[in-house]
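Okay, structure first, notes after.
The values are calculated or read from the model by the stated rules, or taken from the named source; none is laboratory data. As the structure is a prediction and not an experimental result, all values here were calculated from the model. Glycine also receives a Cβ, built like all others from the backbone with ideal geometry; neighbour counts cover every protein chain displayed.
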Amino acid sequence: MFDNVTLRKDRAVHQTIEISEVKLEVCSVCQNDCAECAHGELRLQTKKYQLSMEQVRDFIKFTEESNYLIHQLSIHGGGEPLLWKNFNEALPLFGKSTAIKSIVVTTNGLAIKRIDNEAWQHIDTLNISFYNDQPNALLEDTTVAKYGHKIHVEHIPYFFSRIKNNSEVFKIPSKCMCSGPMILENNVFPFCGPPVFDAAQIMGIDIWKLNGIYKKIEQNYLSEFDPSLRGNMEICRYCWANSNYIKEKRIVPQSITGGCWQ
């Protein structure tokens, strides 16, 4: 069994690839500007990004045609997903797709009232990260309270520090703390989540010129996925989501302060 992708061979003609989780990056805007945001470098490089409805439909189309089954579609960024202009229009399409079993949205909760009733019907879990003294009153709205059984709240007192310079290079292989597949625009990053953008910046390379780290969404877009490469690529040595980051006890809590990604 692979970490996130498993090939089932119990069908003679149409094999099904089961994917435990796909990270869907839907927009770059956010109300907060947190210095240690895990999506910081991704947001910096994709300013004003909004996943289009055309890209949504292509993702669903090629996922279904490829006989993929996504157990959890995680909608969480790179900015604040509830500021995605197509949120309410796209959620029913995801929810009705035969290729998607469940939908989880991770949000700061500030725009929770923007979710319409139809979109709520297709959300299985809404994870809200409350920062500092953010009020629980956000959950008292009549419509929001109606869906309280789908809401999980976690209070976040700090972020974990990210790697800041080239001197911090870690051992590989590793088990990624933020692995893919990740969908960004009309691209899939089979191995990596948002921290790959930080790693590329630290290495001083243009991630869009790095062969093999991503490919265009098309039919069978995960056909070349090789699980043995996850955590074994050179870029993994520079990634703060490399699990050796924990092993070497380099995690340092950072308070939430203003950053540079507005």
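Overview of results
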item: Filtered residue count, the range 106-133, keeping only those that are small (Gly, Ala, Ser) and under 19 Å from Phe94 (Cα atoms); result: 1
item: Residue among Glu41, Glu54, Glu64, Glu36 that alone is part of a helix (DSSP H, G or I), modelled with pLDDT under 90 and among the acidic types (Asp, Glu); result: Glu41
item: Selected residue [in contact with a helix residue (DSSP H, G or I) (Cβ under 7 Å, 6 or more places away or on another chain) and either on the phi > 0 side of the Ramachandran plot or surrounded by 17 or more Cβ atoms within 10 Å (Cβ to Cβ) (or both)] from Ser28, Ser74; result: Ser28
item: Answer residue from the range 177-219, given it is of a type in the set (Phe, Trp, Tyr) and either touching a helix residue (DSSP H, G or I) at 6+ places or on another chain (Cβ under 6 Å) or crowded, with 24+ Cβ neighbours inside 10 Å (or both) and is nearest to Gly77 (Cα to Cα) among those; result: Phe197
item: Filter pass, Leu126 being assigned to a helix (DSSP H, G or I), under 23 Å from Pro181 (Cβ atoms) and in contact with a helix residue (DSSP H, G or I) (Cβ under 7 Å, 6 or more places away or on another chain); result: no
item: Qualifying residue in the range 131-145 (condition: closer than 23 Å to Glu54 by Cβ, part of a helix (DSSP H, G or I) and of a type outside the set (Phe, Trp, Tyr)); result: no
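Conditions (1) hydroxyl-bearing (Ser, Thr, Tyr); (2) farther than 26 Å from Ala35 by Cα; (3) modelled with pLDDT of 85 or more, marked per residue:
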| residue | (1), (2), (3) |
| --- | --- |
| Ile103 | no, yes, yes |
| Gly109 | no, no, yes |
| Glu118 | no, yes, yes |
| Asn132 | no, no, no |
| Ala137 | no, no, no |
| His152 | no, no, yes |
| Ile156 | no, no, no |
| Phe159 | no, no, no |
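One line per residue, one yes/no per condition, for (1) of a type in the set (S, T, N, Q); (2) at pLDDT 90 or above; (3) part of a loop (DSSP other than H, G, I, E, B):
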residue	(1), (2), (3)
Arg162	no, no, yes
Ser167	yes, no, yes
Lys171	no, no, yes
Ile183	no, yes, no
Asn211	yes, no, yes
Leu222	no, yes, yes
